[in-house]
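Here, each number is a calculation from the coordinates, and none is a lab measurement. All of these numbers come straight from a predicted model, not from anything done at the bench. Here the Cβ positions follow ideal geometry from the backbone for every residue, glycine too, while neighbour counts run over all protein chains shown.
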Amino acid sequence: MRTFPEKLHEAQAACNSLLCVGLDPDPQKIPQHLLARFDLPQAVYHFNAAIIEATQAFASTFKPNLAFFEALGVQGWTVFKKTLETIPPDKLVIADAKRGDIGNTARKYAEAFFVQFDCDAITVAPYMGADSVLPFLGFAGKAAFVLGLTSNPGADDFEKQTIVSTNEEPKPLYLAVAQKVSQWQTEMPGTAGLVVGATQADAMRAIREETPSLPFLIPGVGTQGGDLHLAVSEGAANGGPVLINASRGILYATTGRDFAEAAALQAQKLAQQMPYQA
């Protein structure tokens, strides 16, 4: 069985791009002609399908954000499944679910997304420690991207706080998380990765030095103001694997009937700025 890094390498090399397209289908931003033609769940599905078809040549990975599907109620899970079936098999899928709970619950979350939906990766929260993360790392060929240093302003509340451990120098919490995730990686058959926001480029090099081989999922370019070139240079320092996520800037490049064409142009523009380096 191929490992997640092997699959990522193949997918990125095939499209010569580090781009990951986030699927955050907001009903308030979906083009009106879709909402006029379909009920809301179907409009979301057709929107997703058009975006996927338009951008697949420029992206190795798609990252559906579960909140936008769960908000549709029971039908949202059907839309999620149909959206996954629309993604070409040579592309990777990261379920942006940010799950994090005690071990027996984490195992069921992992089964849901890795077995039932066959996603390649999932985002998880590390706050509850090893027993909330390790179940996601028990699946060979799959990956868990652990929230390390996120792009939102609230990252200051906890992630950047200095912690003191016995017999260790004080360090920011995000660095302690990175070190622990790197340790877990050596113990499990799955792949551990880190979510590191593009708005945190000043800290990204230190995180990369602590985790030289872990894949980074980097959101926050575009709408959130992260610098694309810094994110690539710092995140991929010393050959570290990276995925650069873009969502709203691609999905809502326009809300007219030509939304898919506009999304393709924006995805192509971004992809050309971050070619894959083997």
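Sort region 38-128 into rounded, prolate or oblate with this rule: let a ≥ b ≥ c be the square roots of the eigenvalues of the Cα gyration tensor; rounded if a/c is under 1.5, and if a/c is not under 1.5, prolate when a/b is larger than b/c, oblate otherwise. Judged from the Cα gyration tensor, region 38-128 comes out oblate (a/c at least 1.5, b/c at or above a/b). About its Cα centre, region 4-273 has a charge dipole of approximately 400 debye under the convention of +1 per Lys or Arg Cβ and -1 per Asp or Glu Cβ, with nothing else charged.
In summary, the aspartates and glutamates within cross-link reach of residue 82, defined as a Cα separation below 20 angstrom excluding same-chain residues under 8 places away, comprise 24, 26, 39, 53, 70, 90, 96, 111, 118, 120. Fully extending the segment from residue 116 to residue 229 would add 37.0 nm, taking 0.36 nm per residue of separation and subtracting the current Cα-Cα distance. What the Cα atoms of the chain give is an Rg and a Dmax of 18.1, 64 Å. Among 268, 32, 185, the residue with the largest mean-square fluctuation in a Gaussian network model of the chain, with springs joining Cα atoms closer than 10 Å, is 32.
Local charge for residue 251 was computed over the other residues whose Cβ lies under 14 Å away, with Lys and Arg +1 and Asp and Glu -1, and equals -3. Each of residue 16 and residue 67 was given a label point 7 Å from its Cα along the Cα-to-Cβ line. The distance between the two points is 3.6 nm. Normalised by the number of residues in region 4-273, the average gap of Cα pairs under 8 Å and 6 or more apart makes the relative contact order 20 percent.
Which shape class applies to region 143-207: rounded if a/c is under 1.5, otherwise prolate when a/b exceeds b/c and oblate if not, where a ≥ b ≥ c are the square roots of the Cα gyration tensor eigenvalues?
In terms of gyration-tensor shape, oblate.
Assuming a ≥ b ≥ c are the square roots of the Cα gyration tensor eigenvalues, decide whether region 198-249 counts as rounded (a/c under 1.5), prolate (otherwise, with a/b larger than b/c) or oblate. Don't skip to the answer; put the middle values down first.
Numbers: a/c = 2.44, a/b = 1.77, b/c = 1.38.
It comes out prolate by the Cα gyration axes.
In this structure, the amide hydrogen of residue 197, modeled 1.01 Å from its nitrogen in the peptide plane, lies closer than 5 angstrom to those of 149, 150, 151, counting only residues at least 5 positions away or on a different chain.
Couplings for region 192-205, taken from phi via the Karplus curve 6.51 cos²θ - 1.76 cosθ + 1.60 with θ = phi - 60°, read 9, x, 10, 8, 10, x, 5, 6, 10, 4, 5, 9, 5, 4 Hz in order; Gly and Pro are left as x. Between residue 53 and residue 85, the simple label model (points 7 Å from Cα in the Cβ direction) yields a spacing of 1.6 nm.
Residue by residue, region 35-40 carries 3J(HN,Hα) couplings of 5, 6, 8, 10, 5, 4 Hz when phi is fed to the Karplus relation 6.51 cos²θ - 1.76 cosθ + 1.60 (θ = phi - 60°); x denotes Gly or Pro.
Taken about its Cα centre, region 1-86 carries a charge dipole of about 40 debye when Lys and Arg each add +1 at the Cβ and Asp and Glu each add -1 at the Cβ. Could you pull out every residue, at least 5 positions away or on a different chain, whose amide H is within less than 5 Å of the one on residue 22? Hs are placed 1.01 Å off N in the peptide plane, and Pro or chain starts have none. Long-range HN contacts for residue 22: 63, 246, 247.
Adding -39500 (n - 2.57) for every DSSP H run of four residues or longer, then dividing by how many residues the chain holds, sets the calculated 222 nm ellipticity at -12000 deg cm²/dmol. Using θ = phi - 60° in the Karplus curve 6.51 cos²θ - 1.76 cosθ + 1.60, the 3J(HN,Hα) couplings for region 74-79 round to 4, 5, x, 5, 5, 5 Hz; x is entered for Gly and Pro. Stretched out straight at 0.36 nm per residue, the stretch from residue 75 to residue 257 would grow longer than its current Cα-Cα span by 63.0 nm. When the listed pairs 29/81; 108/160; 63/142; 63/171 are checked against a 25 Å cut-off, the alpha-carbon distance exceeds it for 108/160; 63/171. Computed over neighbours whose Cβ is under 11 Å from that of residue 230, the net charge equals -2, Lys and Arg +1, Asp and Glu -1. Projecting the Cα atoms of 250, 212, 32 onto the charge dipole of the chain (Cβ charges, centred on the Cα centre) puts 32 farthest toward the positive pole.
Under a point-charge model restricted to the Cβ atoms of Lys and Arg (+1) and Asp and Glu (-1), what is the dipole moment magnitude of region 146-252 relative to its Cα centre, in debye to the nearest 20?
Using Cβ point charges on Lys, Arg, Asp and Glu, region 146-252 gives about 260 debye.
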